[in-house]
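Working notes, beginning with the structure itself.
The values are calculated or read from the model by the stated rules, or taken from the named source; none is laboratory data. Only a predicted model underlies this, so the values are computations on that prediction, with no experimental measurement involved. As a convention, Cβ positions derive from the backbone with ideal geometry for all residues, glycine included, and neighbour counts pool all protein chains shown.
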Amino acid sequence: MRVAALLTALGVSFGAGVASAAMVEVKQLNAGQGGTFVFEPGIVRIGVGDFVKFTASDRNHQVTSVRGGIPAAAAAFNSRRNEDYILEFTVPGIYVYECTSHRSLGMVGIIVVGNDTSNLNAVKQVDLNVPLANQRLTALVAQVTR
Ligand SMILES: [Cu+2]
């Protein structure tokens, strides 16, 4: 996975007839357009097999998938603090993730893969146990089907 991501970053193609994967950047920020302690953009839409690069733009953040907030067939993920994190998304569906350190400050985000919203009802059941985080998540979920 990491080798493939690196090759993609270097612009290496994987051979004739294979569509090249895209890489979308999400910044981990102390402050952005959506307020303080945000991922920006808060919601991104990618194709199956595309990559997201979660850039450690500001310090002391990381990325963790939220239990019950990702497709059943998808693997949970967890990055280290202060590191750029590149992840390939091969299972279609909605992915809710957070910065665990700043969940209480509402630092959550959503990735929609393959325009698949089949786990939308499960995502709507996610409870982050913090009002601000739930408020921001609800606002992002409302954008999923737009
Ligand atoms: Cu954080």
Does any residue of region 115-135 turn out to be within 16 Å of the ligand (Cβ to nearest atom) and outside any loop (DSSP other than H, G, I, E, B)? yes
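What tally of residues in region 25-77 results from selecting those that are at positive phi and free of Cβ contacts under 8 Å to residues at least 24 places away in the same chain? Outline the logic, then answer.
Taking region 25-77 first, the residues at positive phi are 35, 37, 49, 60, 68.
This time we only want the ones that are free of Cβ contacts under 8 Å to residues at least 24 places away in the same chain, so: none.
So the answer is 0.
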Inter-residue pairs, beta-carbon under 9 Å, first closer than 12 Å to residue 66 by Cβ and touching a residue at least 12 places away in the same chain (Cβ under 8 Å) and in region 114-131, second of a type in the set (S, T, N, Q) and part of a loop (DSSP other than H, G, I, E, B), 6+ apart: 123/117
Residues 25, 40: which one is at pLDDT 95 or above, of a type in the set (Asp, Glu) and closer than 21 Å to residue 142 by Cβ? 40
Could we say that residue 76 is surrounded by 15 or more Cβ atoms within 10 Å (Cβ to Cβ) and either more than 16 Å from the ligand (Cβ to nearest atom) or part of a strand (DSSP E or B) (or both) here? no
Going through region 34-58 one residue at a time, which ones are more than 9 Å from the ligand (Cβ to nearest atom) and assigned to a loop (DSSP other than H, G, I, E, B)? 34, 41, 42, 47, 48, 49, 50, 56, 57
Determine which single condition residue 8 fails, assuming it passes every other condition in (1) of a type in the set (Ser, Thr, Tyr); (2) loosely packed, with under 13 Cβ neighbours inside 10 Å; (3) modelled with pLDDT under 95. (2)
Region 86-107: number of residues that are in contact (Cβ under 8 Å) with a residue 60 or more places away in the chain, among the hydrophobic types (A, V, I, L, M, F, W, C) and either under 14 Å from residue 66 (Cα atoms) or within 16 Å of the ligand (Cβ to nearest atom) (or both): 3
Taking region 32-64 and keeping residues of a type outside the set (Asp, Glu) and over 20 Å from residue 106 (Cα atoms) leaves 45, 46, 47, 48, 49, 51, 52, 53
When residue 26 is run through (1) surrounded by 15 or more Cβ atoms within 10 Å (Cβ to Cβ); (2) in contact with a Pro (Cβ under 7 Å, 6 or more places away or on another chain); (3) part of a loop (DSSP other than H, G, I, E, B), the failure sits at (3)
